[in-house]
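Input: a single structure, listed below in structure tokens.
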Amino acid sequence: MPEENQPIEEKNNGPILGDELLRKIAEHPCYDKKAQHKYGRIHLAVAPMCNIQCNFCVREFDCVNESRPGVTSKVLTPEEALEKTRQILVDYPFIKVVAIAGPGDPLANDATFETFELIKNEFPEVTICMSTNGLLLPEKLQDMLRTGVSTLTVTVNAIDPEIQAKIVDHIVYHGKVYKGVEAAEIQIKNQLEGIKAAVDAGIVVKVNTVLIPGINDKHVIEIAKKLNELGVYIMNVMPLINQGAFADLEPPTPEERKAVQEACEPYVMQMRHCRQCRADAYGLLAQDMSQMSEERRKVIKIQTKEDMEKARAVLEKNGKEEA
Ligand code: CLF
Ligand code: SF4
């Protein structure tokens, strides 16, 4: 049957994944909506620099391609990030994902790979995750594979350079500044090549798309079709946060966003539970412990310990009964 005559549902097959990746997805709060209430993530804010300028970005905030703007996350050194991870994973073992999502672009900061190296060596069982604007994806893919990245988010706001040129003011690529359509062409080429290479290398890719009414709203479905071709696992259509050069634009209504997600769903699975978390968030998606009081964190720590002890007791009892 020719491609265009196939039922649309058959197009959304998604990539083929092995058992280890399926386990990681089942324990990843962003990739599996069932996992969001059970498993958490920690974001390590080690990446302050960025190599592009999005029109909705105000630099003193976290990267809004992945995060919600808050008070700028305190930047950590790789060693500080390792120490923080040690403390948090001991107290909150339901955290299964260690990620770098800013405050700038992780691939524009060497500290990203230094941090992942330290984490991978000490916690080989955790899922290492990151997000990027994708400009450096093809050239940094080997570093990502070497340091154990297995889930990756790339922000793709347009695959048409004319539209992308309205969203990104300029890029800095290999020491040179590019603007307009020329900049957009470089970034889109690198994003799409990088996504394809990452999927082929066995990384599970999520794409974030910022929905910007009047700019890319009619175009997002074309992105979804392309993501289907590339083997992207899931797409997260995020509402514009109107600030910076886009301060006067209206964000989409929840209904407008829902309509776009429904139109894209036949081509690529849709994430609908994103919390637009901060670049230093940790805990469950709906319960950012970086913003909690010490007392509240202690309560969660005690509850987690009690739950683990109960689970251990049930396991031991069942084990003995079976023996
Ligand atoms: Fe962080 Fe992003 Fe990894 Fe998740 S967040 S780097 S994939 S571990 Fe998740 Fe937060 Fe939404 Fe991101 S809820 S902003 S989608
Ligand atoms: Fe800002 Fe993120 Fe865009 Fe960089 S990639 S300009 S940090 S929104």
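The values are calculated or read from the model by the stated rules, or taken from the named source; none is laboratory data. Keep in mind the model is a prediction, meaning the values are calculated, not measured. Neighbour counts run over all protein chains shown; Cβ positions are idealised from the backbone, glycine included. Each accessible area value is taken on the protein alone, full model and side chains, heavy atoms only, with ligands, DNA and RNA left out. Shrake-Rupley method; radii C 1.70, N 1.55, O 1.52, S 1.80 Å.
Find how much the distance from Glu306 to Val90 grows on full extension, using 0.36 nm per residue of separation minus their present alpha carbon separation; answer in nm with one decimal.
Answer, rounded to one decimal: 76.4 nm.
Once the convex hull of all Cα atoms in the chain is built, its volume per residue stands at 157 Å³.
Helix 294-322: angle to the longest alpha-carbon principal axis of the chain, degrees 0 to 90, nearest 10? Here the helix axis deviates by roughly 60 degrees. Between amide H atoms placed 1.01 Å from N, distances below 5 Å from His170 occur with Gln53, all of them 5 or more places distant or on a separate chain.
Computed FRET efficiency, Cβ-Cβ of Ala313 and Lys225, R0 51 Å: what is it to the nearest 0.05? Walk me through the intermediate numbers first.
On the way: r = 51 Å, r/R0 = 1.00.
FRET efficiency, Ala313 to Lys225: 0.50.
Counting DSSP beta bridges in the chain, what percent are antiparallel, to the nearest 5?
Details: 11 of 38 bridges.
Within the chain, antiparallel bridges account for around 30 percent of the total.
Of all beta bridges that DSSP places with both ends in segment 77-189, some 30 percent have antiparallel geometry.
Under 13 Å from a point placed 7 Å out from the Cα of Ala286 along the Cα-to-Cβ direction: which residues of segment 14-51 have their backbone N that close? What the label zone holds, given the 13 Å backbone N cut-off, is 33-39.
Summarise the accessible area of segment 89-164 (1.4 Å probe, protein heavy atoms) by the percent that is carbon and sulfur.
The C+S portion of the solvent-accessible surface of segment 89-164 is 50 percent.
Spin-label pair Ala197-Glu255: with each label point 7 Å from Cα along the Cα-Cβ axis, the two points sit 4.5 nm from one another. So how tilted is helix 137-146 from the main axis of the chain? Cα-based, degrees 0 to 90, rounded to 10. Helix 137-146 sits roughly 10 degrees off the main axis of the chain. The DSSP beta bridges internal to segment 174-276 are antiparallel in roughly 0% of cases. Relative to the longest principal axis of the Cα atoms of the chain, the long axis of helix 110-122 makes an angle of roughly 30 degrees. Heavy-atom accessible surface of the chain, averaged per residue, reaches 47 Å², computed with a 1.4 Å probe. Straight-line cross-link partners of Lys218 among the lysines, defined as a Cα under 18 Å from its Cα and at least 8 positions apart when in the same chain: Lys166, Lys226, Lys258. Using only Cα positions of segment 12-108, each an equal point scatterer, no hydration layer, compute I(q)/I(0) via Debye at q = 0.16, 0.25 Å⁻¹ and quote the log10 values to two decimals. Cα-only, vacuum Debye calculation for segment 12-108: -0.82, -1.21.
For the listed residue pairs Lys84/Lys206; Lys120/Lys196; Lys38/Lys140, the alpha carbons are over 28 angstrom apart in Lys38/Lys140.
Computed from the Cα positions only, the extents of segment 119-208 along the three principal axes stand at 43, 25, 18 Å, in decreasing order. Note on Asp110 and Ser293: the extension gain reaches 62.7 nm, defined as 0.36 nm multiplied by sequence separation minus the Cα-Cα distance. Label zone of Glu262 (point 7 Å out along Cα→Cβ, amide N under 20 Å): in segment 214-250 this covers 214, 217-225, 235-240. Between Asp160 and Glu20, the distance separating the two model label sites (each 7 Å from Cα on the Cα→Cβ line) works out to 4.2 nm.
The three principal axes of the Cα atoms in segment 160-301 give end-to-end lengths of 52, 38, 35 Å, sorted in falling order.
Scoring 117-124, 80-87 by mean Cβ neighbours within 10 Å over their residues and listing the highest first yields 80-87, 117-124.
For Cys277, the amide hydrogen comes within under 5 Å of the amide hydrogens of Arg68, counting only partners 5 or more places away or on other chains and with H modelled in the peptide plane.
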